[in-house]
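The values are calculated or read from the model by the stated rules, or taken from the named source; none is laboratory data. Computed from a predicted structure; not experimentally measured. Cβ atoms come from the backbone with ideal geometry, glycine included; neighbour counts cover every protein chain shown.
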Amino acid sequence: MEPQLSWYLALSAILFTIGAAGVIIKRNVIAMFMCIELMLNAVNLTFIAFSSFFQDVTGQLFVFIVMTVAAAEAAVGLGIIITIFRNRESLDVDDASILKL
Amino acid sequence: MENNLLSLIIFAPLAGAAINWFIGRRLRNEKFIGLIACGAVAVSTVVAFYLAFKAGGALRSTEPVFDHLWTWIQVGKFRADFALAMDRLSGTYALFVTFVGFLIHVFAVGYMHKDDGFYRFFAFLNLFMFAMLILVLADNFLLMFVGWEGVGLCSYLLIGYYTDKKEAGDAAKKAFITNRVGDWGFVMGIMLTFFLTGSISFFNKPAHGVTSALQTIAGMSAVDPFTWQAIFAGGVTSIAILLFIGAAGKSAQIPLYVWLPDAMAGPTPVSALIHAATMVTAGVFMIVRCSAIYTHAPTAMFVVAIIGAATALFAATIGIAQNDIKRVLAYSTISQLGYMFLACGLGAFVAAIFHVITHAFFKALLFLGSGSVIQGMHHEQDMRRMGGLKKYMPLTFATMLAGWLAISGIPIFAGFFSKDEILWRTWSAGLFSLPSPAWSKALWFIGALTALLTAVYMTRMMVMTFWGTERFREKHLDHADGVQGIHDDAHHDDHAIHEPQESPWLMTVPLVVLAILSTIGGFIGVSYALGSLVGLHPTNYIEQTLDPVVAKVPVAKAEGEPAAEPVWLSHPPQPTDGAPAFVSLDESPATHSAEEVGAERLLALVSVGIAAFGIVLGWIIFQKRPLLAMPRILENKYYVDEIYDAAVINPINAGSREGLWKIFDVGVIDGFLHAIGDVVKEGGRAIRHLQGGFVRAYAAIILLGALAVIGFFAYFGVHAMRLVP
């Protein structure tokens, strides 16, 4: 059986939901971060699927942009995480609910 | 005729003020400051005389000298130029303002010697001259108002010159605030003038496309009816009344006179210059300038005459009971200003200006003389502590004698001619601005009674000051009960007894010059009836000069008939190329009926009798008993200040404090602002829980929001918001 567009979309939706639920449920900042990446890649999957379905390359261009931004975000985000850990000796986001130490 | 020299008259004092303010304050050199200040006014004086008397000058032709500096405001039809004009009226005014001003400046250099604020005083004094000359030379109402406010400001600054004395500050505020009431009338009058005529200019200036507001009114065919309703009709009578409110404020007439006696808290040269000779006569000047308006408004003229006569008598009675030498002169000034308004109200505009001029001479003299006395007495102003000064200050005494005789109305002295002219014009006034012939006789009686009182109180002042026992040696208890005196200087705690001494020449020379002018100054306006009495036919210069620039009261016919159209002789002036200077009026005996001349002579005799009687009466009463107690009600100025306090000031204070402050400010304004603050505060308190700092909560909110948006479009379709066509 040929893979259908709907299969990809369903997988993408599942991945996005897992990511969104993870961001809300997880307290560990690293885990939250990974969940965000998961949501981004779920969206990428949707782009690729539509790009292939419509035989249009634009969707693939968007994927590259998303990946670039995700890489930049990872660099910045990890930097922030390291700083927070140094200051609070904890990776629990609820411990960082106030800005002042 | 255009002549740019004209602006030098106003800008020389301004430059003097600037130099003294910026450079004089650093140098602190009395010679430099005095030289700059007097020099600036001297420049004005010389230029004023040159422009007035040169061939084709302001006083020698009927054409004014113009100086158009720039167009100040032009909005639609409204146009106000920064332009000066010297016609016969403003020329006459400029002459005596600059000349008397110069003498007073010189006097002040001696009087203010060793004062800490020497530079400040002269900067203000020069600034005053600048504003006063703008007022006089302005060619439109609005520029005149600039000068009007300028002199008000300088008056405020100079009354409050002694900043360490509370009464000086209070007096300055009182003067300023009382004048605001008058200014309201002036501004409203200007607006109404513009509304009715479409112009605020005094002169026709075809080159600039300006027509004269005064000429427009002069050209109106009918005069306003002589009824009280005319005042509120919004016509010419309303303009005249509003302008008179302004004049009453500046020239200290009932009911706005209360500031002038208190203004004596300023240094004496200020009292002489601003509060006697020049600024306070600005109201008279304005009314004469607007004579075309007044000759169309008989009701307004009637009001002016009544107020003037009432003020003259009222102030004279108060003047009798004052013990402060400057206060006597202050009330005398108010009284004399009343005379001038009386003359204006009866259409004798030229006589009013004549009295302004002679009054400037003798009142400046008397004030400067009192300043000399105060200086000689080491800053004592209470006449009860003077006496016998003629031995110590012979020159001051001699000059003040001239002023005394002039103001009392003794013949050959200046005051006699002008006062007699006013009294004669009052007696012979037509029915244009009076309801019945009895009124002119009643007003004459008030004027004559005032003349009597004037002679009495001036004699009292002279007797208390220069004759009698030398009371300054007496060890006086502090009689604070009756002393409402304002002490001229901060040294009044220095109660040691000094020998009085004559003032330095800087002060006595102006006194002598003014004494000469007070003696002979009246000869510029000798009327035909008096001149022919001694077989002479002297030219009545003042009459001939000013007659072409004032409007004439129409001669009223028999009762019931409408008054004739007012006669208007100027604006636009007739070309007088090559014509000799003074030929306008026919002074030949043919123009004067024998009856009139006889009546005028008789009346002059009566007024001389009144003056002499007043002096004798004053002499008899006060020579023996200079300290004779005066009626309490007079000494307390009819309690007018107290009445004003109770009727106006206290209610305003109470209303402001209890109503505006405690209810409106605290309740409404503060309440409104606090309510806004409270709403924001409580709202913030309620929704701040949304921002708890928990990242996961934020994520959940974003997610819910996204779901809501997606759900919305999923349910209603993408066209629900009409975003997609």
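Listed values, structure above:
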item	result
Residue in segment B:364-377 that is modelled with pLDDT under 90, surrounded by fewer than 24 Cβ atoms within 10 Å (Cβ to Cβ) and in contact with a Lys or Arg (Cβ under 7 Å, 6 or more places away or on another chain) present	no
Any hit, segment B:361-380, residues being over 30 Å from B:A629 (Cβ atoms) and touching a helix residue (DSSP H, G or I) at 6+ places or on another chain (Cβ under 6 Å)	yes
Residue among B:I633, B:I676 that alone is part of a helix (DSSP H, G or I) and farther than 30 Å from B:R385 by Cβ	B:I676
For A:Q55: the one exception among (1) surrounded by 14 or more Cβ atoms within 10 Å (Cβ to Cβ); (2) away from chain B (no Cβ under 14 Å)	(1)
Members of segment B:406-431 that are touching a Pro at 6+ places or on another chain (Cβ under 9 Å) and either at pLDDT 95 or above or surrounded by fewer than 21 Cβ atoms within 10 Å (Cβ to Cβ) (or both)	B:G430, B:L431
B:E543 at pLDDT 50 or above, assigned by TED's automatic domain parsing to the domain that holds B:A414 and in contact with a Ser or Thr (Cβ under 9 Å, 6 or more places away or on another chain)	yes
Any hit, segment A:60-76, residues being of a type in the set (S, T, N, Q), within 29 Å of A:W7 (Cα to Cα), in a helix (DSSP H, G or I) and away from chain B (no Cβ under 14 Å)	yes
Hits in segment B:108-158 - residues which are in a loop (DSSP other than H, G, I, E, B) and of a type outside the set (K, R)	B:M112, B:H113, B:D115, B:D116, B:G117, B:D139
Residue satisfying condition, being farther than 30 Å from B:G319 by Cα and either away from every other protein chain (no Cβ under 14 Å) or touching a His at 6+ places or on another chain (Cβ under 7 Å) (or both), within set B:I649, B:I643, B:I687	B:I687
Number of positions in segment A:77-89 that are within 14 Å of another protein chain (Cβ to nearest Cβ) and either in contact with a Gly (Cβ under 8 Å, 6 or more places away or on another chain) or modelled with pLDDT under 90 (or both)	2
A:A49 vs. criteria of a type in the set (A, V, I, L, M) and within 14 Å of chain B (Cβ to nearest Cβ)	no
Among (1) in contact with a strand residue (DSSP E or B) (Cβ under 7 Å, 6 or more places away or on another chain); (2) crowded, with 24+ Cβ neighbours inside 10 Å, the one test that B:D324 misses	(2)
Number of the exception - B:G692 against (1) under 30 Å from A:N28 (Cα atoms); (2) in a helix (DSSP H, G or I); (3) within 14 Å of chain A (Cβ to nearest Cβ)	(2)
Members of segment B:297-313 that are crowded, with 24+ Cβ neighbours inside 10 Å and either in a helix (DSSP H, G or I) or modelled with pLDDT under 90 (or both)	B:P298, B:A300, B:M301, B:V304, B:A305, B:G308, B:A309, B:T311, B:A312
Hits in segment A:1-44 (condition: assigned to a loop (DSSP other than H, G, I, E, B) and either exposed (fewer than 13 other Cβ atoms within 10 Å of the Cβ) or among the hydrophobic types (A, V, I, L, M, F, W, C) (or both))	A:M1, A:E2, A:P3, A:Q4
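Conditions tested, residue by residue: (1) at positive phi; (2) of a type in the set (A, V, I, L, M, F, W, C).
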position: B:F285; (1), (2): no, yes
position: B:R289; (1), (2): no, no
position: B:H296; (1), (2): no, no
position: B:A309; (1), (2): no, yes
position: B:T333; (1), (2): no, no
position: B:F341; (1), (2): no, yes
position: B:G347; (1), (2): yes, no
position: B:A352; (1), (2): no, yes
position: B:H355; (1), (2): no, no
